[in-house]
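Everything on this sheet refers to the single structure shown next.
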Amino acid sequence: MAIPLCTAVSCVWPVPVEEWPPRIDLPPKITQVQPVPYLGPVPLSLQCPSGAKPFYTFVAAVEDPDPGDTIYWRTFVDYFRNNNYTTLVSDPHTIPPVPGSPGPSLISFPIYTNDVSFSPTPGTTTDPHFVELLIADRPFDDAAAPLDRVVKDGGSSDSVIWTIGFAPNGNSICSTNSGG
């Protein structure tokens, strides 16, 4: 008797709740760079007028597929050379999230050929040197090893490394400002 009553009154059965997969935190990406690293060493000039600094501007397009993530970035010169892990060229910079922003953000930074970070000697023409851009989706943990490279809270990172070759008539621009 209970069954017909249940069907006559129309029983409601709970609908199973679909379980959503956990949110995956996707890593940030460097999507384009200028100069292009795989075309060979970037020739940087050592010749500038007295008092001017030779530099080259590096450019990268970066993006994070997670819409709420801030991108943190910093640059290095000759970081791994001779175990010299103190060649941080820039403090961390940030690119805050821009809701609804299509496409990547652009980063640009100058590298001065007479920067003391080039080791063993700035402007050495016999050895290749290296410039690195490191991006992350969390702040950097500067107290952890390897120095200046660890990303906090399990964040992700991406990097690009350019090989630099010093040449008397390279592509550098001479700057007379005091920055760098």
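The values are calculated or read from the model by the stated rules, or taken from the named source; none is laboratory data. On a predicted model such as this, the values are computed, not experimentally measured, just so you know. Cβ placement follows ideal geometry from the backbone for every residue including glycine, while neighbour counts extend to all protein chains displayed.
A compact table of results
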{"quantity": "Matching option when the condition is under 19 Å from Ile164 (Cβ atoms) and at pLDDT below 70, among Leu88, Leu44", "calculated": "Leu88"}
{"quantity": "Meets criteria (at pLDDT 70 or above, among the polar types (S, T, N, Q) and on the phi < 0 side of the Ramachandran plot) for Ser108", "calculated": "yes"}
{"quantity": "Test: Trp13 is in a strand (DSSP E or B) and either modelled with pLDDT under 70 or under 18 Å from Gly155 (Cβ atoms) (or both)", "calculated": "no"}
{"quantity": "Residues of the stretch 95-116 that turn out to be surrounded by 10 or more Cβ atoms within 10 Å (Cβ to Cβ) and either in a strand (DSSP E or B) or touching a residue at least 40 places away in the same chain (Cβ under 8 Å) (or both), as a count", "calculated": "12"}
